[in-house]
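Student: Got a structure for you, questions after.
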Amino acid sequence: MFVRTESFKDFIRFYPVITIIIAIHIILYLITVLPFFPGSFIFEKLMGVNLYIAQGEYWRLVTPIFLHSGFPHMLFNSFSLVLFGPSLERLLGKTRFIALYIATGIIANLATLLLKPMTYTHVGSSGAIFGLFGIYIAMILFRRDLMSRANTQLILTIAVISLIMTFLQPNINITAHLFGFISGIILGSVGIGRGRELAHTVKSISNRTRERTSFTPKSLILIGIIILALIGLLSR
């Protein structure tokens with residue numbers, strides 16, 4: 001479910017929304033760092049600044065979801081999206097997936113606006129990515145038929161480690177992470193819907209994954225821990 005075995009071409013075909021989001025990440029990053037673009041001006045116009053949002057620049061609740069402050073920041077948020085987004089895009093459908101992804105990101109930024117100082121600035125898709133974790137938790141709580149036991153254990157392990165690391169890493173928007181996660185659970189409980197076709201979709205994806213890889217559940221947990229550890233180290 002979380003191990004990608006598709007070719008690059010198949011990934012684009014199967015997961016167009018995630019592909020577009022990552023493309024936006026890369027394009028915005030290049031625009032802000034390449035010298036022949038007015039990078040600093042664009043960054044200043046798109047980053048989240050609580051004071052400016054309070055004064056009516058409401059687009060800053062959305063644009064920070066796609067903007068990052070450096071290459072490691074952009075790379076690992078995009079990589080997290082590649083790992084945890086595809087199954088949800090197939091399960092929820094393109095429209096519902098992007099709606100939930102952006103909604104959790106906006107709620108994370110709204111919480112940042114309400115709970116952080118007016119001078120606080122922020123960028124990054126971490127709030128929306130934690131929203132994805134929240135949606136998976138909603139599946140575990142309300143629709144256990146949608147996930148295998150092994151995948152349930154894996155996502156619980158990754159979610160717990162991610163939340164713990166939120167409080168251990170410096171320069172992290174803890175508010176965005178927590179409220180992205182909580183909003184993912186709440187909105188996900190509605191967004192996962194009802195019906196046997198959802199369970200059939202997840203079951204088919206899980207079966208194809210087992211057929212194409214020899215990874216065991218313990219191996220997947222180890223992979224998740226290593227990836228999150230790398231994120232923590234590189235963010236320091």
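The values are calculated or read from the model by the stated rules, or taken from the named source; none is laboratory data. This structure is a prediction, so every number in the text was calculated from the model and none was measured. Cβ: placed from backbone, ideal geometry, glycine included. Neighbour counts: every protein chain shown.
Student: Answer yes or no as to whether PRO117 is touching a residue at least 40 places away in the same chain (Cβ under 8 Å), outside any helix (DSSP H, G or I) and touching a Lys or Arg at 6+ places or on another chain (Cβ under 9 Å). First the steps, then the outcome.
Tutor: On the way: touching a residue at least 40 places away in the same chain (Cβ under 8 Å): yes; outside any helix (DSSP H, G or I): yes; touching a Lys or Arg at 6+ places or on another chain (Cβ under 9 Å): no.
For PRO117, the condition - touching a residue at least 40 places away in the same chain (Cβ under 8 Å), outside any helix (DSSP H, G or I) and touching a Lys or Arg at 6+ places or on another chain (Cβ under 9 Å) - is not met.
Student: Another question, if that's okay. For the condition at pLDDT below 90 and closer than 24 Å to MET47 by Cα, what is the one hit in GLY195, GLY131, GLY184, GLY232?
Tutor: Values: GLY195 fails: closer than 24 Å to MET47 by Cα; GLY131 fails: at pLDDT below 90; GLY184 fails: at pLDDT below 90.
Sole residue among the options that is at pLDDT below 90 and closer than 24 Å to MET47 by Cα: GLY232.
Student: So, one more: Just name the residue that is farthest from THR175 (Cα to Cα) out of those in region 139-158 that are surrounded by fewer than 20 Cβ atoms within 10 Å (Cβ to Cβ) and of a type in the set (A, V, I, L, M).
Tutor: ALA150
Student: Something else: For ILE155, state whether it is more than 30 Å from TYR52 (Cβ to Cβ) and β-branched (Val, Ile, Thr). So that I can check it myself, show each step before the final result.
Tutor: Numbers: more than 30 Å from TYR52 (Cβ to Cβ): yes; β-branched (Val, Ile, Thr): yes.
Considered against the rule, which asks whether it is more than 30 Å from TYR52 (Cβ to Cβ) and β-branched (Val, Ile, Thr), ILE155 comes out as yes.
Student: While we're here: Taking the stated definitions as given, is VAL82 β-branched (Val, Ile, Thr), touching a Phe, Trp or Tyr at 6+ places or on another chain (Cβ under 9 Å) and either on the phi > 0 side of the Ramachandran plot or modelled with pLDDT of 95 or more (or both)? Spell out how you get there, then give the answer.
Tutor: Details: β-branched (Val, Ile, Thr): yes; touching a Phe, Trp or Tyr at 6+ places or on another chain (Cβ under 9 Å): yes; either on the phi > 0 side of the Ramachandran plot or modelled with pLDDT of 95 or more (or both): no.
Against the criterion (β-branched (Val, Ile, Thr), touching a Phe, Trp or Tyr at 6+ places or on another chain (Cβ under 9 Å) and either on the phi > 0 side of the Ramachandran plot or modelled with pLDDT of 95 or more (or both)), VAL82 does not qualify.
Student: If you take the residues in region 63-76 that are assigned to a helix (DSSP H, G or I) and surrounded by fewer than 22 Cβ atoms within 10 Å (Cβ to Cβ), which one is nearest to the chain's Cα centre (by Cα)? Lay out the reasoning, then the answer.
Tutor: The first filter runs over region 63-76 and keeps only residues assigned to a helix (DSSP H, G or I), leaving 63-66, 71-76.
In the following step, the residues that additionally are surrounded by fewer than 22 Cβ atoms within 10 Å (Cβ to Cβ) were identified as 63, 71-73, 75-76.
Working: THR63: 15, PHE71: 17, PRO72: 15, HIS73: 13, LEU75: 12, PHE76: 10 Å.
Within region 63-76, the match that is nearest to the chain's Cα centre (by Cα) is PHE76.
Student: Sort out which residues of region 95-123 are crowded, with 24+ Cβ neighbours inside 10 Å, within 23 Å of PHE71 (Cα to Cα) and under 13 Å from the mean Cα position of the chain (by Cα), and write them in order of number.
Tutor: Passing the criteria: TYR101, GLY105, ALA108.
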